[in-house]
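Just below is one structure, and these are the notes that go with it.
The values are calculated or read from the model by the stated rules, or taken from the named source; none is laboratory data. The structure displayed is predicted, hence computed values, not measured ones. Please note: Cβ atoms are built from the backbone with ideal geometry, for glycine as well, and neighbour counts cover all protein chains shown. Heavy atoms of the whole protein, side chains included, go into the accessibility calculation; ligands, DNA and RNA do not. Shrake-Rupley method; radii C 1.70, N 1.55, O 1.52, S 1.80 Å.
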Amino acid sequence: MTTMAEPVVRVHARSRRWLEELVSPGGLFVSAIVILALFPVTSIIRDPDFWWHLRAGQLIVDHGALLGTDPFTYTVSSHAWTMHEWLSEVFFAVVQRAGGLGPIVLILSVVTWIGIVCILLRAALRAPNRFVLGLGVLLGVIAGYPIWGPRVQMVTFCFSALTLLLVERHLVRGGRAIWLLVPLFLVWSNLHSGFIIGLGFIAVVIVAELAGRRLGMPDNASSSRVRALIPVLVACAVVSMINPNGPGILLYAFQTQTSAAQQALILEWHSPDFHDWNVLPFGIMLVSLVALITVNRRLRARDAALVLVTAALALQSVRHIALFVAAATPVWINQADLLLRRRRGRAVQRRPGAMPPLRLRVLTFAALAVTLFAAFVAGRLVPAMRAQPGSLAYAQEFPVCATRWLATAPRPLNIFNQYGEGGFLSYQLSSRGDKVFVFGDAALMGDALLYRYAAVEAVQPSWESIIRSAGTDIVLFDTGTPLANVMAHSTRWVNVYHDPLSVAFVPVDKQSALNLPPAPASYPPGDPCSQLKVASSVNGGTQNP
Amino acid sequence: MSAMRVVPTGELERERRAARRTRFTWIAGAALLTLALTVQPFRDTDVWWHLALGQLITTHGIPAHEPFSFLPAAYPWVGQQWLYEVLLAGLVGAGGAALASAVMGAVAVVALVVAALAVPRTARVGGVWLAIGILLSGLVMAQVVGVRGQVISLAGVAAVLFVIARWREGRTGFVWLLPALFLVWANMHAGFIVGLAILALALPLARALAPATAIARKPLAAALGLSLLATLINPAGIALYGYVAETFMNPTITQVVTEWMSPDFHNVWVQLFEAEAILLVVLWVIGGGPDRFDAVLAVAALAATLQAQRNISLFALIAVPQIALYGSRAWRLRIAPRLRARRTATAPRAASLIAVAAITAVAAAVATTVVPRLTSSASAAFESSRYPKAAADYVAAHFARDRLYTADSWGGYLAFRFPEGRVVFLYDETAIFGSAALQRYLDVHLLRKDWATVLSSESVHHAIVGDNSQEAAAFHEIGWTIDCHDATSGSLVMTAPTMAPSKVSSPLAVPTTAATAC
């Protein structure tokens, strides 16, 4: 005869088991990795596109409607603007007005971290060895290092990881939680066009499981659970169309993949450079995964398909490394765990040593967690949240000092700018009426403008005619770039501003008409622009964002 | 009691001969088709300075110092490809560019065939799979073969793989071919290092291919040692290894030479490599798993390719026997049992006739593709379109002894056109030049802060540059003028002003009239 106390006893026993596992050596290791993962995903905002998203969000809020065309450029202001991230932009604007950039940094960092936790939870569904679990997550975090940072793309990373978690959980355990994907996609399709990746993942899993069953691959999910994913996929696709752009949003996401200009000209769309130390961990993860699969020769169809697709995407464009990490990290963990089990199966099992008392282990865990978290908050989070757009941290990444000078110009200017700085310039100067040549919404810019911009950046013979024919008043570019180094020798252009990061030129025949103020000779002590001189000379120069 | 098929000895021998003929037909057909990919005009920009060196060595011996550039090279000249260069000069002297293209194309095909024959004999891999391996890898490496020293190394690697396969079958005698191979290889191309690395991997990792075969590691170890010593028999001696180390470890090289950069997976040829790598892994998994030596070799080649796209050809070559072996195995394990195709026996005579007809058709098709490339007019047209021939003719007529700037990709061609007088800025023999000279070149090519100063300090007053290049636009801003336009190759001859210009009043305008043609 069961009593009322028995469920309570069961819950208590379960909680104790969970606690035992958490404070075991393996649990400590995993917990430490989970907290340490906060470090690389938290930083100041380095994404050059953030700034135009923020400004666009401010304009949406002010006007109470989406913008039909872009208000930032003097080149493509007639192009129709598909505001596919309008909800993110509004969110940024509202939060920034309420609390500055700090909360945005916090929220985007947490979103990224949640994605990493989803990866861990998905891997944990197969109960791997805890050390392997922690090691795999650590490898995934390091492999994704080139991409981490507060940026809208992390929403897609997080939601992709969450989608894969829910799908895997459904295939392993069943249940109705899979239908949580529907409201997820409703929100996702209004936050970022990367929702198409999520749809793609679900479709890949369905096709892979159906094909894997026919090919006799191991560990297939039950066909009823696989079939149950089809209506979920359809529902997610349908709700994705509930956005201001309607069904067209589905096609928009493919534009970037099919745009030759974007693939060729935008750095993030380039293939990874394995000479870059930041990218090497991704290469190590990829090659080690191939080696593990080869040794084990036991791979589920859906794992194989996800690894193949995301590896191909990541090799094509470095920005897709995050998707590879989301999809392939649990596969890496599973394969490493398989190898470990096979080796342990052959080895003589050693009796585990006696563990310290539970209370001591809980105290150790708490001390470790608090110490790591405190180090993160003090050393990483707070400095990142406190940095403001005019601070030295941002001045080293974006043309803070140059925009401060440009803001003193007597009239609005058409600025030929560096591609990665168009967003920041738009954020800082568009309210004055200043316009830029190009900014980071490449689909809006169009291939024709991108090619024209690239011809100028590469200093092809047509560089000057492109600049002038667009109606440019001033060229603002990074110091030390080929364009800047050529314009310094040109007798038709005059240097009107220079700081360690940026240099500006105007046409000689327009100089008097523009009546620009002189460039500041010095800055007050403590001003970020005076520190920029010192910091840059110590660092040996600046890098383009 | 199970039924046994008793086959008369004569019929058995006929079946074996028929199987061999079929295998040969497939391999020959694939080799012929691959010839259409490997016979290339002088597409590799380095061929010219190798040719110039070959001609120089033939008349004056191996130079002690870099002979073509006015930049001071950091290291003494290492004639690490002297034998290849002399042979190249001999081929061009005997039959022009066409003969060199034909011979090097054939060498690449031989490399693929030899690699295919490195499959274990006991595996009984059919001709179809050997052909698939040859064709697929031929396609993958098509962009990086042609008239270049690397093809020699591909042949060397294929030979090493073949020897290792025979050694694993218990035929130890083959290993004694290695020292002679490396003696020649080390004088033709620095890629012999890869051959030594493969042997070093095989020593601990390779297992016998047949269960009853005992593998003798000592002879291979001895052959490896002798091969190592044989590589020292070259004009530079042990300094050859320093040269190789400098090439691999100089980070500036990846800034100058595209081939040393990571692959661009937007490129359809690189995507073919990607597809082949994926296919190989799939075949490993469904074919019962790779042998550990094969796995380590292929994964190492994959990692090397991710570092430098020039290693695509190495991966493709290593993949040839593995695709054939594991593809054949996977077919037998997974696909063949599901097929219920009726096999109708073809009469041996009819099979032979079909084989001959197929080979003839393939050969004819390949000939129609390859032969037009080998005419002297085709070679000349290729040279004029790919290299600044007319611009160089103009320079030869007007400022033959003056220093010239050009991009490194054309530097080799100018070294060939102007082998005397040290007028060339730089070409892609990067290990000899060293970092200082490379950075000097990059200062101009990448238009760094002191680009104009470098030109004046090196007394460079003339340039052959691309008509759409950043150098053309930049030089114009400091008063350089256009002497002529070589429209065929898209190049300009430009000259510095004799006095500092007062003003450059308009942007660069590339002339298009016949009067301004080189």
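Per this entry, residue B:438 is not counted among residues that are aliphatic (A, V, I, L, M) and within 14 Å of chain A (Cβ to nearest Cβ). Could you go through region A:370-379 and let me know if any residue there is open to solvent by 40 Å² or more (accessible area, probe 1.4 Å), touching a residue at least 12 places away in the same chain (Cβ under 8 Å) and touching a Phe, Trp or Tyr at 6+ places or on another chain (Cβ under 7 Å). No, that holds for no residue.
Can you say whether residue B:413 is closer than 30 Å to residue B:79 by Cα and touching a helix residue (DSSP H, G or I) at 6+ places or on another chain (Cβ under 6 Å), as far as the supplied structure shows? So residue B:413 passes the test. Residues that are within 14 Å of chain A (Cβ to nearest Cβ), closer than 30 Å to residue B:64 by Cβ and open to solvent by 40 Å² or more (accessible area, probe 1.4 Å) number at least 1 in the following helices (runs of 4 or more DSSP H) confined to region B:162-274: B:239-249, B:253-256. A residue that is open to solvent by less than 20 Å² (accessible area, probe 1.4 Å), more than 11 Å from chain B (Cβ to nearest Cβ) and over 32 Å from the mean Cα position of the chain (by Cα) occurs nowhere in region A:479-495. Among the residues of region B:164-187, at least one is touching a residue at least 40 places away in the same chain (Cβ under 8 Å) and closer than 22 Å to residue B:141 by Cα. Annotation note: Cβ proximity below 6 Å between a residue of region A:153-179 that is in contact (Cβ under 8 Å) with a residue 12 or more places away in the chain and over 22 Å from residue A:210 (Cβ atoms) and a residue that is surrounded by fewer than 21 Cβ atoms within 10 Å (Cβ to Cβ) and of a type outside the set (A, V, I, L, M, F, W, C) (sequence gap 6+ or interchain) occurs for no pair.
Would you mind finding the one in B:329, B:338 that is farther than 30 Å from residue B:35 by Cβ, open to solvent by 40 Å² or more (accessible area, probe 1.4 Å) and either modelled with pLDDT under 95 or not acidic (Asp, Glu) (or both)? The conditions single out B:338. Can you confirm whether residue A:465 is open to solvent by 40 Å² or more (accessible area, probe 1.4 Å), among the hydroxyl-bearing types (Ser, Thr, Tyr), farther than 21 Å from residue A:423 by Cβ and more than 10 Å from every other protein chain (Cβ to nearest Cβ)? When the stated conditions are applied, residue A:465 does not pass them.
The conditions of being under 19 Å from the mean Cα position of the chain (by Cα) and more than 9 Å from chain A (Cβ to nearest Cβ) are met by residue B:305. When residues of region A:414-427 are filtered for being surrounded by fewer than 24 Cβ atoms within 10 Å (Cβ to Cβ) and either farther than 25 Å from residue A:265 by Cα or acidic (Asp, Glu) (or both), how many remain? Residues in region A:414-427 being surrounded by fewer than 24 Cβ atoms within 10 Å (Cβ to Cβ) and either farther than 25 Å from residue A:265 by Cα or acidic (Asp, Glu) (or both): 0 in total.
Residues in region A:315-338 include none that are within 14 Å of chain B (Cβ to nearest Cβ), open to solvent by less than 20 Å² (accessible area, probe 1.4 Å) and of a type in the set (D, E, K, R). Looking across A:134, A:149, one residue alone is on the phi > 0 side of the Ramachandran plot and either in contact (Cβ under 8 Å) with a residue 12 or more places away in the chain or touching a Gly at 6+ places or on another chain (Cβ under 9 Å) (or both). It is A:149. Tallying residues that are facing chain A (nearest Cβ under 9 Å), aliphatic (A, V, I, L, M) and more than 17 Å from residue B:388 (Cβ to Cβ) within region B:460-518 yields 6. Among helices (runs of 4 or more DSSP H) entirely within region A:86-198, having at least 3 residues that are of a type in the set (A, V, I, L, M, F, W, C), under 17 Å from residue A:325 (Cα atoms) and open to solvent by 50 Å² or more (accessible area, probe 1.4 Å) singles out A:101-124, A:130-143. Counted as qualifying within region A:241-305 are the helices (runs of 4 or more DSSP H) with 1 or more residues that are surrounded by fewer than 18 Cβ atoms within 10 Å (Cβ to Cβ), hydroxyl-bearing (Ser, Thr, Tyr) and away from every other protein chain (no Cβ under 13 Å), namely A:248-258. Suppose the filter is surrounded by 18 or more Cβ atoms within 10 Å (Cβ to Cβ) and modelled with pLDDT under 95; does residue B:438 pass it? Criteria met by residue B:438.
Each row is one residue, and each column tells you yes or no for (1) in contact with a Gly (Cβ under 8 Å, 6 or more places away or on another chain); (2) not polar (S, T, N, Q).
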position: A:457; (1), (2): no, yes
position: A:460; (1), (2): no, no
position: A:465; (1), (2): no, no
position: A:480; (1), (2): yes, yes
position: A:486; (1), (2): no, yes
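Being touching a residue at least 40 places away in the same chain (Cβ under 8 Å) and of a type in the set (A, V, I, L, M) is the filter; apply it to region A:449-462 and report the residue that is surrounded by the fewest Cβ atoms within 10 Å (Cβ to Cβ). The selected residue is A:454.
If you go through region B:275-302 and keep only what is open to solvent by 30 Å² or more (accessible area, probe 1.4 Å), facing chain A (nearest Cβ under 9 Å) and touching a Lys or Arg at 6+ places or on another chain (Cβ under 8 Å), you end up with B:285, B:286, B:288, B:292.
Tell me whether region A:41-54 contains one or more residues that are of a type in the set (Ser, Thr, Tyr), open to solvent by less than 20 Å² (accessible area, probe 1.4 Å), out of contact with any Gly (no Cβ under 6 Å at 6 or more places or on another chain) and over 23 Å from residue A:439 (Cα atoms). Scanning region A:41-54 turns up at least one residue that is of a type in the set (Ser, Thr, Tyr), open to solvent by less than 20 Å² (accessible area, probe 1.4 Å), out of contact with any Gly (no Cβ under 6 Å at 6 or more places or on another chain) and over 23 Å from residue A:439 (Cα atoms).
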